[in-house]
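Undergrad: Quick one: structure below, then a few questions.
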Amino acid sequence: MSRCKRSVIEFNTDTLEKIINNPENILNNEDVFWKEERAQKLTKDWAKNIGYEIPFDKWRREIKNWIKIPAEEREKHIFMQNCRKIIKFKEDFLSKALHHICNFLPKEANVDVTIYFTAFIPPRAFAQEDIVINVSARYWNENADNIIKQDIRYSFLIPL
């Protein structure tokens with residue numbers, strides 16, 4: 001078996017789930033959230049490396065706006081529906097991703113990577129050590145399929 005086929009791709013929605021399910025806790029523990037959540041730490045590193053200052057006030061406003069939506073309405077909100085779709089797609093993605101990627105790489109390639117999902121950060125997506133995707137970015141047009149299409153061959157995560 002090639003080294004590529006033994007690679008590991010992880011799909012991590014933990015940060016995103018905290019944002020959609022318990023935004024009050026995130027806002028009350030903002031420093032801890034940005035220090036302990038890998039997606040947020042990578043975002044801070046990304047910003048530092050390109051000389052960009054993260055607009056934390058804007059980030060707080062977005063979290064507060066999410067909090068203002070009553071819990072019953074959040075479940076029906078397009079943002080929540082998209083997040084749920086991404087979380088649900090995890091197993092299907094993982095079952096297809098590695099095989100597809102390895103078809104385009106040398107057999108000795110190693111693609112151990114984690115794909116982290118978060119929201120309300122400045123970039124829509126970036127790769128730095130791992131991959132971070134901002135589910136709330138306008139670029140996706142409020143459509144989870146624009147991030148992870150059902151046909152893995154056409155996914156943002158695995159371009160042809």
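Undergrad: How many residues, within region 112-122, are surrounded by fewer than 18 Cβ atoms within 10 Å (Cβ to Cβ) and part of a loop (DSSP other than H, G, I, E, B)?
TA: 2
Undergrad: Of these, Asn21, Asn49, which one is surrounded by fewer than 17 Cβ atoms within 10 Å (Cβ to Cβ) and closer than 21 Å to Trp140 by Cβ?
TA: Values: Asn49 fails: closer than 21 Å to Trp140 by Cβ.
One residue alone meets the criteria, Asn21.
Undergrad: Write out, first by first residue and then by second, each pair whose Cβ atoms fall under 7 Å of each other, whose residues are 6+ apart or on separate chains, and whose first residue, in region 97-111, is loosely packed, with under 11 Cβ neighbours inside 10 Å while the second is of a type in the set (Lys, Arg) and in a loop (DSSP other than H, G, I, E, B).
TA: Matching pairs, first to second residue: Lys107/Arg3; Glu108/Arg3.
Undergrad: Using the structure shown, decide if Val113 is at pLDDT 90 or above and within 14 Å of the chain's Cα centre (by Cα). Walk me through how you get there before you give the answer.
TA: Values: at pLDDT 90 or above: no; within 14 Å of the chain's Cα centre (by Cα): yes.
Judged against the criteria, Val113 is not a match.
Undergrad: Go through region 1-17 and give me each residue that's surrounded by 13 or more Cβ atoms within 10 Å (Cβ to Cβ), over 14 Å from Ile86 (Cα atoms) and in contact with a strand residue (DSSP E or B) (Cβ under 9 Å, 6 or more places away or on another chain).
TA: Listed by number, the residues that qualify are Ser7, Ile9.
Undergrad: Which one of these is modelled with pLDDT of 90 or more and surrounded by fewer than 16 Cβ atoms within 10 Å (Cβ to Cβ): Ile67, Ile63? Working first, answer last.
TA: On the way: Ile63 fails: surrounded by fewer than 16 Cβ atoms within 10 Å (Cβ to Cβ).
Of the residues listed, the single one that is modelled with pLDDT of 90 or more and surrounded by fewer than 16 Cβ atoms within 10 Å (Cβ to Cβ) is Ile67.
Undergrad: While we're on this one: Counting just the residues of region 123-138 that are surrounded by fewer than 18 Cβ atoms within 10 Å (Cβ to Cβ) and assigned to a loop (DSSP other than H, G, I, E, B), which one comes out modelled with the lowest pLDDT? I'd like the intermediate steps shown before the answer.
TA: In the first step, residues of region 123-138 are kept if they are surrounded by fewer than 18 Cβ atoms within 10 Å (Cβ to Cβ); the result is 123-124, 127-130, 138.
If we keep only those that are assigned to a loop (DSSP other than H, G, I, E, B) too, we end up with 123-124, 129.
Numbers: Pro123: 93, Arg124: 92, Glu129: 88.
Checking each candidate, the answer is Glu129.
The values are calculated or read from the model by the stated rules, or taken from the named source; none is laboratory data. Predicted model, so just to flag it, every value in this text is computed and none were measured. All Cβ positions, even for glycine, are placed from backbone atoms using ideal geometry, and neighbour counts span all protein chains on display.
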